[in-house]
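**Q** The structure follows.
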Amino acid sequence: MVWPAIIIGLLILIWAVSLGKMHFGLGLNSKAGFLNDDRTAGGHSKKNVLLVVAHPDDETMFFSPAINYLTSRAHNLHILCLSTGNADGIGNVRKEELYLAAAVLKIPCQHVKVVDHPDLQDGFGKVWTTDLLVAIIEQEIHSKAIDLIITFDNYGVSGHCNHCDVQRGVRKLLQNTSLQVEAWELVSTNIMRKYSGPLDIWLSMLLAGRCVDGQMHCVLNESPYKSYQAMAQHKSQWIWFRKLFVSFSSYTYVNTLKRMKI
Ligand SMILES: [Zn+2]
């Protein structure tokens, strides 16, 4: 009975040290060199960033480290949510919840756009047409003068088909556009890392640090509690297992962003 107690004690200690690292920035700092790259926006210090997600709550459950990083540095962050999340018939409720969560995350409601299109409905087995996604995302890039896109990678954290379709849409857009915009995708991790909470920050920093060509960056969440508060605004989704998910998911604490290859 001694060893399990020692292991649990060690895990609690590392958990606490990890939270301290995020809060106080001990030693290594969060890196997001993609925002300092002069190839975007002609070298302007503040970027217009578009976060492209599939459903209300994706922004908080998966991308809040990047969101908190961007808003704390006064970048202009916009959210494009490509469905209302109407799988259970409560799309209008979920749309309003997204605005409330955005307010907690310091994103103005006029920077949040939720698409309600008959061909972009929430659910497994609902294939989203890539060309339609390209048209919608491209229009948003034009209207908001977007420099940089953040979205899912080709596994989409959970393998949800809507998440994967969003990545395909962004990728196809970049392949066929002359726009000066770059895209960064959220790196999906295996299930062990996914549910390791803040413990994963160390491995994420190590892996991103080994990528010397600047194509991968690790962003730590400076305010995990704010992420928790934002997720609580998604009241229709705020049930016990999502509370556990937000607490134990590494995506609450760290985002590894990789430059999308086209
Ligand atoms: Zn989703």
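None of the figures in this text is laboratory data; all of them are computed from the coordinates on show. What you are looking at is a predicted structure, and each value in this text was computed from that prediction instead of being measured. Here the Cβ is made from the backbone with ideal geometry for all residues, glycine too, and neighbour counts use every protein chain on show.
**Q** Distance in nm between label sites at residue 45 and residue 139, each 7 Å beyond Cα in the beta-carbon direction?
**A** Label-label distance for residue 45 and residue 139, simple model: 3.5 nm.
**Q** Mind checking which aspartates and glutamates have their Cα closer than 12 Å to the Cα of residue 126? Skip sequence neighbours fewer than 8 apart in that chain.
**A** Answer for residue 126, where 12 Å is the Cα cut-off: 165, listed by chain and number.
**Q** Over the chain, how many percent of alpha carbon pairs lie in each 5 Å bin up to the one with the longest distance?
**A** 1, 6, 13, 18, 20, 18, 12, 7, 3, 1, 1, 0, 0
**Q** Tally the DSSP beta bridges in the chain and give the antiparallel ones as a percent, rounded to 5.
**A** Antiparallel bridges: around 30 percent, rounded to the nearest 5.
**Q** With label points built 7 Å along Cα→Cβ from the Cα atoms of residue 222 and residue 6, find their separation and express it in nm.
**A** 4.0 nm
**Q** Among the aspartates and glutamates, which fall within straight-line cross-link reach of residue 226, defined as a Cα-Cα distance under 18 Å, with same-chain neighbours fewer than 8 residues apart omitted?
**A** 57, 58, 59, 97
**Q** Right, here's the next one. Below 19 Å, Cα to Cα, which aspartates and glutamates can residue 21 reach? Residues fewer than 8 away in the same chain don't count.
**A** Correct list for residue 21: 200, 222.
**Q** What does the charge count around residue 173 come to, taking other residues whose C-beta lies under 12 Å from its C-beta (Lys +1, Arg +1, Asp -1, Glu -1)?
**A** -1
**Q** Sort 200, 153 so the one with the fewest other Cβ atoms within 10 Å of its own Cβ comes first.
**A** In order of increasing Cβ crowding within 10 Å: 153, 200.
**Q** With a point put 7 Å past each Cα toward its Cβ, work out how far residue 23 is from residue 110 in nm, to one decimal.
**A** 3.6 nm
**Q** Could I ask something else about it? Restricting things to Cα coordinates, could you compute the convex hull volume per residue of the stretch 125-262 in Å³?
**A** 136 Å³
**Q** I've got another one for you. List the pairs from 144/235; 106/235; 46/194; 172/261 whose alpha-carbon separation is above 20 Å, in the order I gave them.
**A** Flagged as over cut-off: 144/235; 46/194.
**Q** What's the exposure ranking of 57, 122, going from fewest to most Cβ atoms within 10 Å?
**A** Taking fewest neighbouring Cβ atoms as first place, the list is 122, 57.
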